[in-house]
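Student: Pasting in a structure now, in structure tokens, and then I'll have a few things to ask.
Bear in mind these aren't lab numbers, they're just calculated from the coordinates by the rules spelled out. Everything numeric in this text was worked out from a predicted model, so none of it was measured. Note: ideal-geometry Cβ built from the backbone for every residue, glycine included; neighbour counts use all protein chains shown.
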Amino acid sequence: MKTLLLFLSLLFTVVSVAKPTVISNVNGYTLSNSGAMIRFSHLAFENGKVLMIGDQSILNQFNDALIVDGKQKTLLPGLIDAHGHFMGLGTSLLQIDVRDDKSALATAKHVRDYAAQNPNLKWITGHGPTKRSLLPNN
């Protein structure tokens with residue numbers, strides 16, 4: 001609910017104010033063009049476009065900006081229309097993926113090889129076909 005209220009207040013700010021806005025005091029994360037993670041504490045934007053990210057020195061460059069305190073919340077610019085299931089992604093990286101296996105035998109061999117490569121696992125979990133039968137001769 002707090003995130004929604006922050007979003008609505010920022011949306012109102014963007015629509016109603018014709019000057020830059022700086023969100024300060026955030027734990028901001030974004031990616032560079034090369035894919036490197038960038039951390040920032042301040043973000044300046046105007047008319048829905050990010051002008052600059054960085055530290056508190058941004059405040060010196062946008063003297064007339066509306067300042068919004070982010071209250072140390074996490075800010076991920078660019079995640080506007082998309083979302084990620086981070087827990088599901090993390091879990092999937094710890095599982096065996098047998099979606100491309102063509103038969104029950106191929107899946108069994110895949111699981112055998114995975115078990116040999118991960119001898120400390122108490123359980124092997126995974127994901128794979130839901131509509132294709134793994135019965136012999138398929």
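Student: Between Ala108 and Leu89, what is the label-to-label distance in nm when each label sits 7 Å out along the Cα-to-Cβ direction?
Tutor: About 3.6 nm, to one decimal.
Student: Report ³J(HN,Hα) in whole Hz for each residue of the stretch 85-101, in order, from the Karplus equation J = 6.51 cos²θ - 1.76 cosθ + 1.60 where θ = phi - 60°; Gly and Pro get x.
Tutor: 9, 4, 5, x, 5, x, 5, 5, 6, 9, 10, 8, 9, 10, 4, 8, 5
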